[in-house]
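Reading through the structure tokens given below for one structure.
The values are calculated or read from the model by the stated rules, or taken from the named source; none is laboratory data. Quick caveat: nothing in here was measured; it's all calculated off a predicted structure. For neighbour counting, all protein chains shown are included, and Cβ atoms are generated from backbone atoms with ideal geometry for every residue, glycine included.
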Amino acid sequence: MTLNRRSFIGTTVAAGAALSAPMAIGQGKPRVIVVGGGAGGATAARYIAKDSKGAIDVVLIEPTRTYYTCFFSNLYLGGFKEMDELGHSYGNLAAAGVNVVHDWATGVDRDAKTVSLAGGATLAYDKLILSPGIDFVDGAVEGWDLAAQNAMPHAYKGGSQTELLKAQIMAMPEGGTFAMVAPPNPYRCPPGPYERVSMVAHYLKANNPTAKIIVADPKGKFSKMGLFQEGWGNHYAGMIDWIGADFGGGNVSVDPAAMTVTIDGEETKVDVCNVIPAMKAGRIAELAGVTDGNWAPVNAADMSTKADADIYVLGDASQQGDMPKSGFSANSQAKVCAMAVRGALTGSKVFPAKFSNTCWSLIDTNDGVKVGATYEATDEKIAKVDGFISQTGEDSATRKATYEESEGWYAGITSDMFG
Amino acid sequence: MLKGGAFAAVLTLTAALGTSGAADTADIAAGEKIFSKCKGCHQIGEGAKHRIGPHLNGLFGRKAASHDGFKYSKSLTRLGNSGLEWHADTLDAYIENPRALASGTRMSFRGIKDAQERTQLIAYLRTFSDNPANIPEADPTATGTDHDLDPEILAIVGDPEYGEYLSSECTTCHQTDGGDDGIPSIVFWPEEDFVVAMHAYKNKQRAHPVMQMMAGRLSNDEIAALAAYFATIEE
Ligand SMILES: Cc1cc2nc3c(=O)[nH]c(=O)nc-3n(C[C@H](O)[C@H](O)[C@H](O)COP(=O)(O)OP(=O)(O)OC[C@H]3O[C@@H](n4cnc5c(N)ncnc54)[C@H](O)[C@@H]3O)c2cc1C
């Protein structure tokens, strides 16, 4: 079974007590606290510990003991991956010298430079790195709030939500309707909702071929749109009804009790409703006071926040410029940040920031596509340098190779994050 | 020196074609002798069949990794799918250092460093393709292959510390323990092969959009730094 937030509230670990004595600056080893053990945080903690060779005390705060990746969670929905394959533990990070504390960070005192934990401990930091991922904007979809997430799952955080959505899809009656409420920009994983539609269609085509998929989208266009629409036509003709902004896709409300979705005034009874609301930075970023609006603005050269030079924000929670919110981006940003933080604390060499991203999506069996770009740090933002995207009409061998490449990437990034 | 070699190779072929329309018989004869290095795995000529390697009849102009009945490495298959065809120039690069062109190739052959020997071997191979006299030696716009890399670039001594930082961009996809599932291993490479391969991406001679993009913005010094770093982690 996967882990949820409640099971960890109040959990303390033995390490908490040892860590709780605030450290006087200039005495002993410098300490970096990383909040969030996902794509950004796990990578940052691992690289700082590995590259500083014991000169920096690295503490990683993460409530769950197993991190279930969102990346490839759509492939789980499509039946290409098992949930077990998406789970990663923190054992190797601990072995590599990262002090892993399984707890929630509940507050940041910027003047005292401390982080408080749900378990009661208070930890001092010299540098604080926040990579808490996303939370949802309250009231973003009329009729939906977090209390409705069991009736209408978002499945936009890994693990139990994804399992719930899959169970609901499998339980759909013959010829039933799957609805998705897609999010407005900017959000985690731009192609994610559309890869999900593809994977749900893949599952339904094999198991419930008369079922329908409706997507209500507040956007008029989306990531890899041409590639997805070509693929939907090739593989799932007649199954998917995408209603974009021009056709009222943004005018949507849901009723989780009645299981209805109303799009531009027209109410439809549905069997599964995947609501992916508008997003914002994980709440701890807001509590730390480093957000402006929904996200935390950062300096491109090192990912330090505009609000506080000793607090860094990585990944989805950051507002950095041109990079999409992806696991690849978070991992890339984490390595730039790790180098800068080490440089600041130990005087190690700091090289110019380089960032990159590639997002692969699976449309159907062996039909993989990708989009990617390289980026550099300018004074205002992380700016795109160069990019590419898969072409429509590519031959099947290329698409298959692209899918295989994505599997190689998954193995690569997860070993880069967790050792 | 390397550059000179490639230049000589092109000249030899051009001269051979230009006059009689047939390759120099002396070259062909010499090539037949050199082919003994290949015979352990490849057959050529009448009745040739696939063995450890595919047979080599009709090689010129064929897409790489395109014999239905032969199981190629993923690496070569991918190159074929992205448009690699066998011509004098691509064969020359492949035979010089198979792994520099196709990192995961199953052709475990060290390569032939001598440009003239390669020319002779290629002249021999091409007599087993249709109308060998009409086969162009290379597209005139082709900028050559791996081996025309400026020796000065190869001579750059990289900074392994910088390389270590830069390498973190590689390890999002390529596993440092050399694991290979869908993305080739890049550890345990000789430094020079690494530099040659990266420049081939940078110059768009090797096909792969991600790698062309990644290598495209690396300077000569940065490629050298990466090669130096990856050499230090070799166990
Ligand atoms: C369906 C889907 C498909 C995707 N596919 C891809 C893909 O193919 N490729 C790709 O690159 N990206 C993909 N992504 C995006 C990717 O998952 C995210 O962009 C990435 O995980 C962001 O990393 P992060 O470090 O910002 O946040 P996360 O990886 O979400 O990590 C945040 C961590 O912080 C912890 N946390 C939060 N608050 C606290 C707190 N107060 N105290 C302690 N810990 C806390 C959480 O438990 C969590 O473990 C996909 C996303 C989805 C939803």
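If you take the residues of the stretch B:16-54 that are surrounded by 13 or more Cβ atoms within 10 Å (Cβ to Cβ) and at pLDDT below 50, which of them is farthest from B:ALA93 (Cα to Cα)? Filtering first and then ranking leaves B:ALA22. Of the residues making up the stretch A:389-414, those that are hydrophobic (A, V, I, L, M, F, W, C), within 16 Å of the ligand (Cβ to nearest atom) and more than 16 Å from A:GLU230 (Cα to Cα) are A:TRP409, A:ALA411, A:ILE413. Here A:ALA334 does not qualify as away from chain B (no Cβ under 14 Å) and either surrounded by 23 or more Cβ atoms within 10 Å (Cβ to Cβ) or without any contact (Cβ under 8 Å) to a residue 40 or more places away in the chain (or both). Looking across the stretch A:200-231, the residues that are within 18 Å of A:GLY248 (Cβ to Cβ) and assigned to a loop (DSSP other than H, G, I, E, B) come down to A:ASP217, A:PRO218, A:LYS219, A:GLY220, A:LYS221, A:PHE222. Where strands (runs of 3 or more DSSP E) sit wholly within the stretch A:82-199, those with at least 3 residues that are not hydroxyl-bearing (Ser, Thr, Tyr) occupy A:99-101, A:105-109, A:127-130, A:134-136, A:177-181. Total residues in the stretch A:56-84 satisfying the condition of being more than 6 Å from the ligand (Cβ to nearest atom) and more than 14 Å from chain B (Cβ to nearest Cβ): the figure is 15. Take the residues of the stretch A:302-331 that are away from chain B (no Cβ under 14 Å) and among the small types (Gly, Ala, Ser): which is surrounded by the fewest Cβ atoms within 10 Å (Cβ to Cβ)? Among them, the one singled out is A:ALA309.
Going by what's in this entry, would A:ALA344 be described as within 30 Å of A:PRO30 (Cβ to Cβ), more than 19 Å from the chain's Cα centre (by Cα) and either touching a residue at least 24 places away in the same chain (Cβ under 8 Å) or crowded, with 21+ Cβ neighbours inside 10 Å (or both)? It is true that A:ALA344 is within 30 Å of A:PRO30 (Cβ to Cβ), more than 19 Å from the chain's Cα centre (by Cα) and either touching a residue at least 24 places away in the same chain (Cβ under 8 Å) or crowded, with 21+ Cβ neighbours inside 10 Å (or both).
Filtered by the rule that a residue be more than 9 Å from chain B (Cβ to nearest Cβ), out of contact with any Pro (no Cβ under 8 Å at 6 or more places or on another chain), over 20 Å from A:ILE363 (Cα atoms) and buried (at least 20 other Cβ atoms within 10 Å of the Cβ), the stretch A:374-418 gives A:TYR375, A:ILE382, A:THR414, A:MET417. Return the residue satisfying two criteria in turn: it lies in the stretch A:123-139 and is β-branched (Val, Ile, Thr) and within 14 Å of the ligand (Cβ to nearest atom), and of such residues it is nearest to A:ALA309 (Cα to Cα). Checked the stretch A:123-139; the qualifying residue nearest to A:ALA309 (Cα to Cα) is A:ILE129. When only residues in the stretch A:358-373 that are more than 21 Å from the chain's Cα centre (by Cα) and of a type in the set (D, E, K, R) count, which is farthest from the other protein chains (Cβ to nearest Cβ)? Among those residues, the one meeting the criterion is A:ASP364. Identification of strands (runs of 3 or more DSSP E) wholly contained in the stretch A:303-419 with 2 or more residues that are of a type outside the set (A, V, I, L, M) and not assigned by TED's automatic domain parsing to the domain that holds A:VAL108 yields A:354-364, A:367-377, A:382-389.
When you go through A:ILE311, A:ILE284 one by one, which is the residue that is within 9 Å of the ligand (Cβ to nearest atom), modelled with pLDDT of 95 or more, over 29 Å from A:LEU75 (Cα atoms) and over 14 Å from the mean Cα position of the chain (by Cα)? Lay out the reasoning, then the answer.
Details: A:ILE311 fails: within 9 Å of the ligand (Cβ to nearest atom).
It is A:ILE284.
Only one of the listed residues (A:ALA167, A:ALA245, A:ALA182, A:ALA171) is of a type in the set (Gly, Ala, Ser), more than 27 Å from A:ASP84 (Cβ to Cβ) and away from the ligand (no atom under 16 Å from the Cβ). That residue is A:ALA245. Across the stretch A:239-290, which residue is nearest to A:ALA167 (Cα to Cα) among those that are part of a loop (DSSP other than H, G, I, E, B) and among the charged types (D, E, K, R)? Per the criteria, the residue is A:ASP271.
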